[in-house]
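Where a number appears in this text, it was derived from the coordinates with a stated rule and is not lab data. As the structure is a prediction and not an experimental result, all values here were calculated from the model. With ideal geometry, Cβ positions are generated from the backbone for all residues, glycine too; neighbour counts draw on all protein chains shown.
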C-alpha cells in the first residue's frame, strides 16, 4: 500500500475504533491493536449476493468490517443490505463464511464462501423464506461509516440508479484485532489459498512460510479441521 495514504487511514481508524467492542476486553482499542487484512475501493454495487467475507476463513481471532461511503448523488437509496438470521431454522451452524444463492428459482442454497468455482453446498431450502433472514436496509449518506462483525451477512444494493446519476463510490476494509501477545491468529489449512490468490507476493510468502513452520511432516489436516498458527511482527498495513 502507498505509504502516503497511511496517515489519513490512521486518522480515520482512530475515529472508528472507539465504537468497536471486543468480548472480554476492558481497555479501548488503539491503532497498535489492529491489522488491516483487506482494503477495497469500490464503485457501484459490486457484490449483489448475500454473503459474509472469505477473509474470515483465514483469520481466526476477533475482527470487524468497516464501510465508508464517499459519493452517492441519488438520495433515494443507500448502498447496502444487512441480514439478521434466525439460525434455529438452519441445520448447519454458521462457523465459517457463507454465501446464499437461488436454487430452482424459488429455493435457496447455503454455500461455503471460499471463492471456489464449485462451492460446497451446506444446506438447501425449498423456499427462500425458510432461511429466516430479516433484511435491514442501510441508507448511508456520503461521509457515513458502517461497522459490523465478521459473521454479519450483507449484500450490495443491486438496483440500478436512474439515468444520469453516477455510481456510488466508497471504500471498505476488513480489520483483525491482534492477540494479547501482538500476534495474528490464522488457520493454516490448505484452502487459505482462496484468500492468498487476491494478495501480493509479500503476504503469500509470509503465510506460506508460516505453514511450513507449523507442519512437521509437510502435510496439513483435512480442510474442515482448523490448523492454528500465529503470525508475529506483522505491521498494520503489511497485508495491503
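If r is the Cβ-Cβ distance from residue 27 to residue 101 and R0 is 45 Å, what FRET efficiency results, to the nearest 0.05? Don't skip to the end; give the middle numbers.
On the way: r = 41 Å, r/R0 = 0.92.
In this case the efficiency is close to 0.65.
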## Note on the structure
residue 228 and residue 127 label points (each 7 Å along its Cα→Cβ direction) are spaced in nm at 4.2
